[in-house]
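The next block holds one structure in the form of structure tokens; read it before the comments.
Derivation of every value follows stated rules applied to the coordinates shown; laboratory data play no part. Keep in mind it's a predicted model, so treat the numbers as computed, not measured. Here the Cβ is made from the backbone with ideal geometry for all residues, glycine too, and neighbour counts use every protein chain on show.
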Amino acid sequence: MHKAVFSVRLNSEQVLDFYKGTKSSVKVRTECGQTMSIPYDIMVKFVTREGIYGRFQISYRDDGKMVDLIRL
């Protein structure tokens, strides 16, 4: 299993684009420099009135399927 750590800073207006359906994934750069596309639907549980802010760790299998996403 692989793990990657990244930070997200999306204000409420940016999050609204996902609710409207104009965007479906969040592009992030991990702390190791890797670029990842995280499906928005797995980020929904972290939405607040202000948006999505924080440092996260994603765990995924060799085939790229996500296993877990936690806020650090």
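Treating the chain as a set of equal point scatterers at the Cα positions, no solvent, please give the Debye-formula log₁₀ I(q)/I(0) at q = 0.15, 0.16, 0.29 Å⁻¹. Normalising to I(0) and taking log10 leaves -0.47, -0.53, -1.50. Among 41, 62, 17, the largest mean-square fluctuation in a Gaussian network model of the chain (Cα springs under 10 Å) belongs to 62. Over the chain, dividing the summed -39,500 (n - 2.57) contributions of all DSSP H runs of at least 4 residues by the number of residues returns a 222 nm mean residue ellipticity of -3500 deg cm²/dmol.
Normalising the average separation of contacting C-alpha pairs (under 8 angstrom, six or more residues apart) by the number of residues puts the relative contact order of segment 1-62 at 53 percent.
In debye, nearest 20: dipole of the chain around its Cα centre with unit charges on the Cβ of K, R (+) and D, E (-)?
Working: 12 positive and 8 negative charges, 20 e Å.
So the magnitude is around 100 debye.
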